[in-house]
Every structure is written in C-alpha cells, then in structure tokens.
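Have a look at the structure below, then the notes.
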Amino acid sequence: MNIHKNARLTPSGRERIVRQVESGQAPKAVAEAAGVCPRTVRKWMDRYRREGLAGLQDRSSRPRRLHRPTAAAIVEQVERLRRQRYPGKQIAAELAISPATVSRILRRLGLNKLSALEPAEPVRRYEREHPGELIHIDIKKLGRIDGVGHRITGDRRGQSNRRARGEGLGWEFVHVCIDDASRVAFVQVMPDEKQQSATAFLKAAVAYYEGLGVKVARVMTDNGSCYKSFAFRDTCGELGLRHIRTRSYRPQTNGKAERFIQTALREWAYAKAYTHSDGRTAELPIWLHRYNWHRPHGSLKARTPISRLGLTEDNLLRLHS
C-alpha cells in the first residue's frame, strides 16, 4: 500500500481511534490526540459501523460511474487508428477529441507505446556442440590513459581542452575472441583495428586454441572494414576457416563476444584505478587466466570455461600456469 507522505492515519491508526471512541473517549479528544479534525474521526466511525474493519482500508478515488464516459464507438476508432501506427495527437485531430482522452484510452488498451503493436522478437539462443566449431571475434576501442581516469575520479575537467590542443593520448584497440561452445576467451591489445592487426590477432587466436587442443573451424565477425578486407579473407583461407559475418544492424548475432566485452570492461579495464595504459595492459593476462580457468560462468551452470574442453589431468597440469 502506498501511503501519502502527509497522511495522518494509516489503517492501523484508524482502527486505533475507533477503539478509543468505543472505549468511551470523546471524539474531540481522540481527534486532538491523533492530529486530525473531529469530522475525520466521525467519518471513520461511520464506515466502521457500516462495514466493520474492512471499511477502514484505503479506497480508490475513482468515481463509481462517469458523468460523460467516452462512447464505445470512439474507443474502437481510437484503437483502429492506433493499429495503423497513428500518433496520439493525430488520432485526437482525426476524431476531434482531446489528446488527453486519447492518451487515457490508449493507456487503458495497453497501446500507449507503439512497441506494443510489435511484440519483441523472441530470443533465439544457440550454442555449438563442440569447442572450436565457431569462434566469435570483435574489437573494443579504449582510450589510453596516463593517470586515474574520470570513471574513478568523476572529474572530466580539461579533457576536451587537451584533445583540442592535439595532446590527447589516442586509443588502443582490444581484440577479443571467445569460443562459442566453451566460452574460453583470448584477448590482445593492438595498436589499431586495421586489417594487419585483425589478421595477426586471428592467427594468434587460432594458435592459442590449438595449444589447448582445439581445432577452429569457423570464425564469426561483424562487418567492420578490417574483416571485409582481402587480407582477412586470405588468412581465413590459409587457416582453413570458414568466415561468417553477422547481418547488418544485428549485433546480437555476435552476442557472445559483445557480452564478453562488457564483462572484460567491468572486471578488468575499469576494475582498478590504473595510472597508465601499460599497467592496464599488463593486468590483462592475469585477468584472462582467471576468467578461463577459475571464474564460474553463468551460462555454464557455474562451471569454468576451461572445464568444457575435456582436458585430461595431465593436460590440465601442463597448461595451467
């Protein structure tokens, strides 16, 4: 129950004044003690006598019947126009009624948002059966730093002036790769997002998974220029990989990489007050090892990503360092 912030009486307070009056106290004295007027005391006493304790509960202030309710035919026309994607003010102009009336009708019908006319597309989750069947690759751009950043201090003063003077530190590019079946990840910080960096990262990622005994068959990327380049295409051919690109404006297709980037930002890039980009980069292998080998993964029923590779005890001891 949402009690008004200035309310003097709650249902329990109303019951208390009723009991006081029934015990023989004068309504005026009870009213003064409760900080209300005698008329309020009499109102709750009357309701109590008619309905008992149920009469002391809050009631809606909406009238039982409306003086001039909107005709059902008008409501039907409002709904019909709304389903034709008409905005509220246009519906009001078409039907010569108040925009406020249209708004109330649409809210009552559950059509006050146009998104209600197009139910959300159901989430289609997928997961490859075997490690290496598909890896997801993406890039996240991070600003270089030479001091504790505004995300920690909250102080943005001087940032724009520094960039305007050409003294900005520039960017570094975090290339990420995650295996669809196991969620084992590989990350490198590269100087740019051009085709040379993208192809070098792809080769390093494939070599990393091969070191874990995983043969990569497919790679999924977005439609960035580095991934559409001939160099990236040729590298996929050399490595025997089938290259899959996501549909335009559908980042959720590469959602595992997108979600991993959010985790990396939260648990690595913005997790500490780094004083320099080099320190942040040096921390990356430590965090990545913890992510792959020790961190319980929500989509794996709290198991670690490395547990899905089916490594033997000897291999675990050899690879875990």
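Coordinate-derived values only; no laboratory data. Every value quoted in this text rests on a predicted model; they were computed, and no experiment measured them. Cβ sites come from the backbone with ideal geometry, for glycine too, and all protein chains shown count toward neighbours.
Quick notes on this one:
- Region 72-117, relative contact order [Cα under 8 Å, separation at least 6], %: 35
- Acute angle (nearest 10 degrees) that the helix 72-82 long axis makes with the longest principal axis of the chain, alpha-carbon atoms: 20
- Bridges between two residues of the chain, per DSSP, are antiparallel at a rate of about 75%.
- Dipole magnitude of region 36-109, debye to nearest 20 (Cβ charges: Lys/Arg +1, Asp/Glu -1, about Cα centre): 220
- Between the residues 100, 112, 88, the greatest Cα displacement towards the positive end of the dipole of region 72-117, with unit charges on the Cβ of Lys, Arg, Asp and Glu, is found for 112.
- Mean separation of Cα contacts under 8 Å, 6 or more apart, over the residue count of region 1-71: relative contact order %: 26
- Here the chain was treated as a single set of alpha-carbon atoms; its pair distances binned every 10 Å from 0 give 5, 17, 16, 13, 13, 14, 12, 8, 2, 0 percent.
- Under the convention that each Lys and Arg Cβ holds +1 and each Asp and Glu Cβ holds -1, the size of the dipole of region 72-117 around its Cα centre is about 200 debye.
- Each Lys and Arg contributes +1 and each Asp and Glu -1, all at the Cβ; summed about the Cα centre of the chain, the dipole is approximately 2280 debye.
- Angle in degrees between helix 277-293 and the longest Cα principal axis of the chain, rounded to the nearest 10: 80
- Packing order of peptides 192-200, 267-275, 46-54, highest average first: 192-200, 267-275, 46-54 (average count of other Cβ atoms within 10 Å over each peptide's residues).
- Normalised contact order of the chain, rounded percent, pairs of Cα under 8 Å and 6 or more residues apart: 13
- Using the average count of surrounding beta-carbon atoms within 10 Å as a protection proxy, the listed peptides 179-189, 100-110 rank, highest first, as 179-189, 100-110.
- Computed from Cα atoms, the angle from the helix 255-264 axis to the main principal axis of the chain rounds to 90 degrees.
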